[in-house]
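Structure record follows, encoded as structure tokens.
The values are calculated or read from the model by the stated rules, or taken from the named source; none is laboratory data. Owing to the predicted nature of the structure, the values given are computational and were not obtained by experimental measurement. Counting neighbours? That spans all protein chains shown, and the Cβs are built from the backbone with ideal geometry, glycine included.
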Amino acid sequence: MPHHNHTGLPPGVPNCLKKRRLLNEPDLSPALCREYGDKFFSLGWWEDALEFYQKGDLADGLEKLRAQALETGDAFLLARLGKDHDPEVWRALGDRALALEKFHFAHRAYELAGDPDKAALAAALSAGLGAESAEA
């Protein structure tokens, strides 16, 4: 069983206050940004990893997050990485999100791909899912 400190976080992972102080530190080294980014990435804490990879201007870390977003159909994570992705990237992400039944993510991805028909389909599927949940 992994050891956790009194905050409930794994060892070496900063709590929210320390994380904020680190990210506001003007001279935080890229090496330390990578260390923290990689720790958060290994925990599946994508947004935290993103903040450290961006702070350290770490292209390889940002690319790992991009691959993660595409694999998991996470349109919002991909958007945080920058909105200048090719429409085909957004369409592929939308298809992946649809396959994973992440209809809200699919809707957003298709919107950003400029594909209103598929965006409408994803929105309808999402609304249908909500109606089924309400009936259950």
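Quick notes on this structure:
- Answer residue from segment 82-122, given it is without any contact (Cβ under 8 Å) to a residue 12 or more places away in the chain and closer than 22 Å to L50 by Cα and is farthest from the chain's Cα centre (by Cα) among those: D86
- When D60, D84 are checked against the criterion of being in a loop (DSSP other than H, G, I, E, B) and of a type in the set (D, E, K, R), a single residue qualifies: D84.
- Any hit, segment 61-74, residues being without any contact (Cβ under 8 Å) to a residue 24 or more places away in the chain, loosely packed, with under 13 Cβ neighbours inside 10 Å and out of contact with any Gly (no Cβ under 7 Å at 6 or more places or on another chain): yes
- Residue within segment 106-120 that is of a type outside the set (D, E), part of a loop (DSSP other than H, G, I, E, B) and crowded, with 18+ Cβ neighbours inside 10 Å present: no
- Checking each residue in segment 42-97 for being closer than 25 Å to P26 by Cβ and hydrophobic (A, V, I, L, M, F, W, C) picks out W45, W46, A49, L50, F52, L58, A59, L62, L65, L81.
- Sub-6 Å Cβ pairs linking a first residue in segment 1-17 that is surrounded by 10 or more Cβ atoms within 10 Å (Cβ to Cβ) to a second residue that is among the polar types (S, T, N, Q) and at pLDDT 85 or above, at least 6 apart or interchain, are T7/N15, ordered by first then second residue.
- Just one of the listed residues (L77, L22) is assigned to a helix (DSSP H, G or I), of a type outside the set (D, E, K, R) and surrounded by 19 or more Cβ atoms within 10 Å (Cβ to Cβ), and it is L77.
- Count of segment 106-136 residues which are among the polar types (S, T, N, Q) and either modelled with pLDDT of 90 or more or within 23 Å of A69 (Cβ to Cβ) (or both): 1
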